[in-house]
Each structure stands twice: as C-alpha cells, then as structure tokens.
Amino acid sequence: MICVHTRFFNQLIVAIVLLMTSVGAVSQQSLGPVEVTQSVADQFGLLIADPRVQMSLAAIEANEPETLAEQVRLTEIPAPPFQEQRRAQYYLQQMQRRGMPDAYIDTEGNVIGIRRGSGDGPLFVIAAHLDTVFPMDTDVSLEVRDGRYYAPGISDDGRGLAALLTLIDAINASGMETIGDIMFVGNVGEEGPGDLRGVKAIFRDFPQIDGFVSIDGSGVTRVTNGGTGSRRFAVEFTGPGGHSFSAFGLVSATHALGRAIANIGDLQVPAQPRTTFTVGTVSGGTSVNSIAQDAMFELDMRSNDAAELAKLEAKVREVVQAAVDEENARWNENGSTDKGQITVNFRLIGDRPTGSTSPDHPLVQVAALAFEAVGSPVQGLQTSSTDSNMPMSLGIPAITIGGGGSGGGAHSTEEWFDPTDAHLGPQLAFLLTLALVGVQGVSAPQL
C-alpha cells in the first residue's frame, strides 16, 4: 500500500506542477484536443493537491480486484432491454449498502441514489446503464482465457456499473464534503429498443440537472462529447391479400416492400456530417402460395446532424410512397382500384436526438485534466450514440467516458474485458465528479 500511495503522490505532484506553472503567464493551455482555461486548471490543481484525494486514488487502485469481482457479479445477472428488473434490484442493494439507504427504483426502472452536498451547488448525474443487448436465455457466465474475461456484457456495461459503485465507495471513504449534489444512476434502456427510456425519464423527472456523465464500456482514452441521432421505423405495408394463382393480379404488400427497399438503397447521403441508413429486418406474407396481405421492414437512420437526419427521413418517406404508388399503378389501370390498394404506415420505434457539448465547456476541460492526472491523456473527442444524447439535446452539458481497462467483441457472445490498468476508470470518474461538484474548503464547482 505504501508503494502504491507514493507512486500516486509523485504522479499527482507532476500533474500539479504542469497545471500551475503557467499561472499568470497564459490564459489557457492545450491538453490534446481540449483547450483548458487557467481558472479551470487552478481549481483542479487545488483538488488534486488535497491529501485525501491522493489517498483515495491509491485506495481505488488497491481495491481494483474487488471492483473486477463486482463487475463479474453484475455481468452474470441477465438484463435485456425491458427485463432489467433483477439486475436493478441487486444494484439497489449495492447502493444502499454503500451509505445511501434512500436509494430507490423509479417508475421507469432506474436505480437512483443521491448524495447531498452542502446545498448551494449544482446537481450532477453520473450513470451507467443496466441493460445489455442479449436475450434472457443467453449464457452470461464468465470464462477467463489468457488474462481476458469473456462474458456477454462484461464491458458494455458491466464495467461501467462496477466503476460507478467503486466511485461511491471512494467518495464516502474520502471523508470529503461536496458542495453540489451527486445523483448516482443505474439506468435502463440504453441499448437498441430501449431507446434511451431510462435517461429520458431522468431528465423528465429532474429538469434541474446541471450536468451529466455516463460511464459506458471500457477504456480511458477518449471523450464522447457528441451524440449521433437516430430515427427508427417499422414501415408497414397492407393490402387485400389473396391466392397466388386464382387471385393473381392483386396488389402485393411484399412487392411494394421490395420496391421501397430498392428505392431506399439508391439514396445518397453526405459523408459529412456522417449520415447513414439501413433496412435491418424484413418480414411479411402468409405462405409461398399467397399474395401477401401484410409486410414490414425495420429501418434505421442516423446522423450527427439533426437537419440532415430530418432531410433523410423526408426523402425516405417520399421514395417509399413512390414505391407504393408504383405497385398500385402496376396492377390497376386508368385509375381503377379493382385490384386493391397498398397502404403504408411509418411506426416510430426509436428516436434518439442529436446534440453536442462544446470542447470549451468546463465539463470537457475538467475531463481532459482528469485524464491527464491519471496518466492517460485524452486521445480524441468523438461522436457516438450513448445516454448522453438526451441531455445534450436539451442543452445540458454531458459526456460519456469509459470505465477503464480495455475490451472488445461488444454486442457479441465473445465480448471480453482486459483488466490491465482498469483502476484508471474509477480514478477518472472520482476526479471528474469532485471537480464538477466542488469540495467544501478545497475547490469550487466547475458546473
């Protein structure tokens, strides 16, 4: 323990020197892709100079074996979207055991615990998502091979959930009183059909939130400060249906569907801002010898720009309707409807808003400083689809970070986690959280 503490003390002193040497000389400094103002750097320097912070960082590293064990326990509780209840109950127990007896599960299924500050600071939320992409019957038991931990969901977001619990432990053990309030959340509905329902409920119920960070997956290299938006539809075609031989000539729902998919496939989208589309699933018809009465495909459209996403959706609606009109005209002559009519319905099944947090915002600046302080400088800023999309779209500063270690095979049954330097994730979350909410007698809130 003494060796660990000494190593962190030396590392942090170097960081303090780097941060403070420019006082009075320049107004800002560059940390990779982020420009940090002197005022933000000064407050962060005060925080990491506090001996309690140094002790807490050392304790986080020393306790990493327990963090990893907790990660495994959480991973081995299945939690598909809309079926997160068992994992949520376990997570609630863990929060309550960590000094938050008033933690609760809200009406959407989120686990929420609030650690109150002195009462005159911001409300900050730090979250990790409970759900995984895997069906309930997936084998989620752990296998260790060549130093890697294999299990579906072990990184996404087993690591984030475990790091969040370690963060709670570290803040409690530090004895430090924060100025702002901290809301710890294990949220539902981040993956796929969950459609961010957990964070949507959080920001519906707590409009006074001042800042948000999600811990999602592994790694400590990048900051996600942009949200890729998506619109997802079940595009449903309906017609009269009939026998393939005796009723030949009737309009067909599957034929209309095929025309529509071909039309969508011919669309052109911009490379920048990145905009994409795909028809992910197709279904319909009754039998091989039936003219289809019903058919459906699921469509995913994404963009880093809200305007481009809206333009894509409008164009898709246009070419799908053109396909329906073509199918109807193919079998009905001179405006007749004797051969039936195909109709189409766009049923919304996913809506993730776009958004971004400026690299100039103190939240991003503090993140860059925290990365630097744990010895893993920010390698880049990125845009992705995470729980942070929702607050970004509301103009609330938000970012997503990793939980430490490294991983691969996400969303596959061969998903893995490498615990090398995994303690850096909870350390990063610890510094980031305290800097944003402020510590009594030490540093001012940066939110």
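Throughout, read-outs are computed from the coordinates displayed, never taken from laboratory work. All values derive from a computational prediction rather than experimental measurement. All Cβ positions, even for glycine, are placed from backbone atoms using ideal geometry, and neighbour counts span all protein chains on display.
Does anyone have the angle between helix 85-97 and the longest principal axis of the chain? Alpha-carbon axes, 0 to 90°, nearest 10?
Approximately 10 degrees, to the nearest ten.
Using the alpha-carbon centroid of each, what span in Å lies between region 385-422 and region 221-250?
29 Å
What are the GluC sites (Glu not before Pro) within region 323-406 that DSSP puts in a loop, where the Cβ has at most 11 other Cβ atoms within 10 Å?
Qualifying residues, ordered by number: 333.
Looking at region 364-407 from every direction and averaging, what is the projected area of its Cα convex hull in nm²?
Taking the Cα atoms of region 364-407, their convex hull projects to 3.7 nm² on average.
Go through 113-119, 339-345 and give me the packing order, highest mean Cβ count within 10 Å leading.
Per-residue mean Cβ counts within 10 Å order the peptides as 339-345, 113-119.
Report, to the nearest 10°, how far helix 2-20 tilts away from the longest principal axis of the Cα atoms in the chain, using its own Cα long axis and a range of 0 to 90°.
That works out to roughly 80 degrees.
Rounded if a/c is under 1.5, else prolate if a/b is larger than b/c, else oblate: which is region 388-447, with a ≥ b ≥ c the root eigenvalues of its Cα gyration tensor?
Working: a/c = 6.00, a/b = 1.53, b/c = 3.91.
Oblate, because a/c is 1.5 or more while a/b does not exceed b/c.
Please give the Cα centre distance for region 50-85 versus region 316-368, rounded to the nearest Å.
If we compute the Cα centre of each part, the gap is 41 Å.
Express the relative contact order of region 309-447 as a whole percentage, based on alpha carbon pairs under 8 Å and six or more residues apart in sequence.
19 percent
What does the highest-first list of 140-147, 349-356, 124-131 look like by mean Cβ count within 10 Å?
My ranking of the peptides, most packed first, is 124-131, 349-356, 140-147.
Over 38 Å, how big is the tail of the calculated P(r) for the chain, in percent of all Cα pairs?
More than 38 Å apart: 32 percent of the Cα pairs in the chain.
Tell me what the chain gives for mean residue ellipticity at 222 nm when only DSSP H runs of n ≥ 4 count, each as -39,500 (n - 2.57), the sum divided by the residue total, rounded to 500 deg cm²/dmol.
-11500 deg cm²/dmol
Taking the alpha carbon gyration tensor of region 165-297, what are the square roots of 5 times its eigenvalues, largest first, to the nearest whole Å? Could the numbers behind the result be given before it?
On the way: eigenvalues 495, 64, 32 Å².
Semi-axes from the Cα gyration tensor: 50, 18, 13 Å.
Highest mean first, how do 426-439, 302-315 rank when packing is the count of other Cβ atoms within 10 Å averaged over residues?
On the way: 426-439: 27.4, 302-315: 17.9.
My ranking of the peptides, most packed first, is 426-439, 302-315.
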